[in-house]
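Notes follow once the structure below has been shown.
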Amino acid sequence: MRPWQRKVQGNCAQARAEQQQADALADIAAATRQAFTALAALAHEHRVSSADLALACAGKIADAALEHAPQAPVQAALAALSREIEGCPRLMARVAAGSVERVQAALDETAQAIGFPGQIQARAAADMAPTAFILDWGDGRAAYDPENAKQRVADALAAALASEG
């Protein structure tokens, strides 16, 4: 074998080795991309599951809190609205039929605490949850429904998770 033939054979062997190395690196890169894609999907699924669990726990805690203090939301709303209603002569509260006396007492107590001089009347409204309410003072209105609140939180969480996924 002549020297130039050995050199050609050596170059061919080196080229084949380099091609095999390049092919192996391409396979590694493809496997890494696939692994990262699967990992990202798994991480997103974990975030969604964690958020669902947190939402379910928060719902149970909120339900227990509302069961323990069903008048708390309407009292908090009245206290938060104290500046808006301070000049109003009357405030109407629509609440669930079984909650009228309890809400009336809670609103009277809160009105006295915030210095609201107007009259407050709680009236029964059909198909309202026990802790739901609508406050109407003529110039404005505030409402709370625990099921709607839960749904808004769930929708906002779902939108946030969808935007990152």
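The values are calculated or read from the model by the stated rules, or taken from the named source; none is laboratory data. Note that the structure is predicted; figures quoted are calculated from it, not measured. As a convention, Cβ positions derive from the backbone with ideal geometry for all residues, glycine included, and neighbour counts pool all protein chains shown.
Is it true that some residue in the range 17-34 is over 24 Å from residue 160 (Cβ atoms), assigned to a helix (DSSP H, G or I) and at pLDDT below 90? Yes - at least one qualifying residue is present in the range 17-34.
Residues checked against (1) on the phi > 0 side of the Ramachandran plot; (2) polar (S, T, N, Q); (3) modelled with pLDDT of 95 or more; (4) surrounded by 14 or more Cβ atoms within 10 Å (Cβ to Cβ):
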| position | (1), (2), (3), (4) |
| --- | --- |
| 81 | no, no, no, yes |
| 102 | no, no, no, yes |
| 111 | no, no, no, yes |
| 114 | no, no, no, yes |
| 128 | no, no, no, yes |
| 136 | no, no, yes, yes |
| 146 | no, no, no, yes |
| 160 | no, no, no, no |
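Counting the residues of the range 48-96 that are more than 22 Å from residue 138 (Cα to Cα) and hydrophobic (A, V, I, L, M, F, W, C) gives 15. When the range 55-100 is filtered for residues that are within 23 Å of residue 127 (Cα to Cα) and of a type outside the set (A, V, I, L, M, F, W, C), the ones remaining, listed by number, are 59, 60, 63, 67, 68, 70, 71, 73, 75, 94, 98, 99. Residue 70 falls short on exactly one of the conditions (1) surrounded by 13 or more Cβ atoms within 10 Å (Cβ to Cβ); (2) in a helix (DSSP H, G or I); (3) of a type outside the set (A, V, I, L, M, F, W, C), and that condition is (2). Taken together, 96, 105, 129 contain a single residue that is of a type outside the set (S, T, N, Q), without any contact (Cβ under 8 Å) to a residue 40 or more places away in the chain and in contact with a helix residue (DSSP H, G or I) (Cβ under 6 Å, 6 or more places away or on another chain), which is 129.
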